[in-house]
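Peer 1: Quick one: this structure, given as structure tokens, is what I'll be asking you about.
The values are calculated or read from the model by the stated rules, or taken from the named source; none is laboratory data. Values in this document were obtained by computation on a predicted structure and should not be read as measured data. Glycine gets a Cβ as well: all are built from the backbone with ideal geometry, and neighbour counts include every protein chain shown. The area values use the complete protein model at the heavy-atom level, side chains included, leaving out ligands, DNA and RNA. Shrake-Rupley method; radii C 1.70, N 1.55, O 1.52, S 1.80 Å.
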Amino acid sequence: MKTYVKNILVILLSVLFLGSAAVQAEGEPTDLYAQSAVLMDADTGRILFEKNAEQQMPMASTTKIMTLLVTLQNADLEGEVTVSAYAASMPDVQLNIREGERYRLRDLCYSLMLESHNDTAVAIAEHVGGSVENFAAMMNQKARDLGCYQTYFITPNGLDAQDAYGVHSTTARDLARIMRCCMQNDEFLTITREPSWSFSDLEGTRSFTVNNKNAFLNMMEGALTGKTGFTNDAGYCYVGALERGGKRFVAVVLACGWPNHKTWKWSDTKKLMNYGIENFHRETVGEDVVALNPLPVENGQVETVKAAADVKSRELLLKEEDAFHMDVLMPDRLKAPVEKGEIVGTVVYYLNGEVFDLYPIYIEEDSPVIDYPWCLRQIIERWITVR
């Protein structure tokens, strides 16, 4: 049993760091301009390609995908937002809202995502979180909930910032995780895909039309959503999603050039997406049922107990050379007492030698330890049967 427990601990540690293992294969994208990049299978979260994916870097206005996500999950879009002096003071890019004006939250969300306005980002943050600081705390909590432990938000608009706890930054891997979550929100997709949006302040004194500046939506068939970004520290950045032929991808490029290289992010993004489309196919791996032998129980009132595992097959994006195998790890015997539901092993799915999924093996019946009362009952029952 000690050896079995040790093996399980090793596997569990492998799973904790599963996201750091990317697929390494021939034909991967080369000569990317981006200093950091990721291509992710949006359905499983598996990394299909990475370049410096764990390097923590400023991410500019790609920040706003988290701003919108937190807003959608915590606020009523029909709510009224009153603009503060601080929000109105934000630098370009601006909607140029003014202190004291009132707007519908939904309208400001379109301003936030279609034209990346920094002043509306702060107005939204103050409305949803009570203050920018509180809203940033909400963003950071959501990041942790998604497993993004190398991400730190200070601002809702992505302007370069630093405080006593760190620099406003993320990694390409973390940003892909955040976008993967955003893709599951229909309202997020509706807002970020809208070509243009017209609205007025609630007094009806000023009118605006914002137009979608995400050029990638018209560059590739199946483009779903995305967000650009640029600051002096971050350079040009982009996070986008695409669906084609039943395959869904998230691509991230960070520090993808500085002026005058604004188009490099599009070149890199298309290269990543085309790599995914051309080199990966859908395949079902694993089993829906695994036959497990009964386990002998040493010193148990029930000599053997049934074991089971709630496994399931998985549909993955694979390359031709990818190799899958399954392993069943469980002891040869158990020692009483054994309780129904007790976990005694693991079914492990491997891809290219790396663990990518685990299913616990559990016992389906009890086997208490043989004790004096049980022995006495057995003697009495046999004596009665003989008579």
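Peer 1: Projecting each Cα onto the charge dipole of the chain (Lys/Arg +1, Asp/Glu -1 at the beta carbon, about the Cα centre), which of Ile384, Ser36, Ala309 comes out farthest on the positive side?
Peer 2: Ranked along the dipole, the leading option is Ile384.
Peer 1: I've got another one for you. Share of the chain's accessible area from carbon and sulfur, percent, 1.4 Å?
Peer 2: Numbers: 8940 of 18530 Å².
For the chain, the apolar C and S fraction of the accessible surface comes to 48 percent.
Peer 1: Compute, for His261, the solvent-accessible surface of its heavy atoms (probe 1.4 Å) with the complete set of protein chains present, and express it in square angstrom to the nearest 10.
Peer 2: 70
Peer 1: Assuming 1.567 mPa s and 4 °C, estimate D for the range 66-201 with Stokes-Einstein, Rh taken as the Kirkwood radius over Cα pairs, in µm²/s.
Peer 2: It diffuses with D of about 86 µm²/s by this estimate.
Peer 1: So what's the convex hull volume per residue for the Cα atoms of the range 213-282, in Å³?
Peer 2: 74
Peer 1: Cross-link list Lys213/Lys265; Lys142/Lys270; Lys227/Lys262: which exceed 18 angstrom alpha carbon to alpha carbon?
Peer 2: Over 18 Å apart, Cα to Cα: Lys142/Lys270.
Peer 1: Evaluate the chain: find the radius of gyration of its Cα atoms, find its Kirkwood radius, and give the ratio Rg to Rh.
Peer 2: Here the Rg-to-Rh quotient is 1.15.
Peer 1: Which three extents, in whole angstrom, do the alpha-carbon atoms of the range 222-351 cover along their principal axes, largest first?
Peer 2: 77, 32, 23 Å, listed from the longest principal axis down.
Peer 1: Could you list, bin by bin from short to long, the percent of Cα-Cα pairs of the range 189-250 in 5 Å steps?
Peer 2: Percent of pairs per bin, in order: 4, 15, 20, 18, 15, 12, 9, 5, 2, 0.
Peer 1: Oh, and also: Ratio of the range 35-140's C-alpha Rg to 2.2 N^0.38 Å, to two decimals?
Peer 2: Cα-based Rg divided by the globular estimate yields 1.21.
Peer 1: To continue, here is another question. So with the 1.4 Å probe, I'd like the accessible area per residue for the chain, rounded to whole Å².
Peer 2: Details: 18530 Å² over 387 residues.
Ligands and nucleic acids excluded, the result is 48 Å² per residue.
Peer 1: Apply the Kirkwood formula to the range 269-322: the hydrodynamic radius equals the inverse of the mean of 1/r over all pairs of different alpha-carbon atoms; give it in Å with one decimal.
Peer 2: On the way: mean 1/r = 0.0672 Å⁻¹.
Value: 14.9 Å, from the Cα pair sum.
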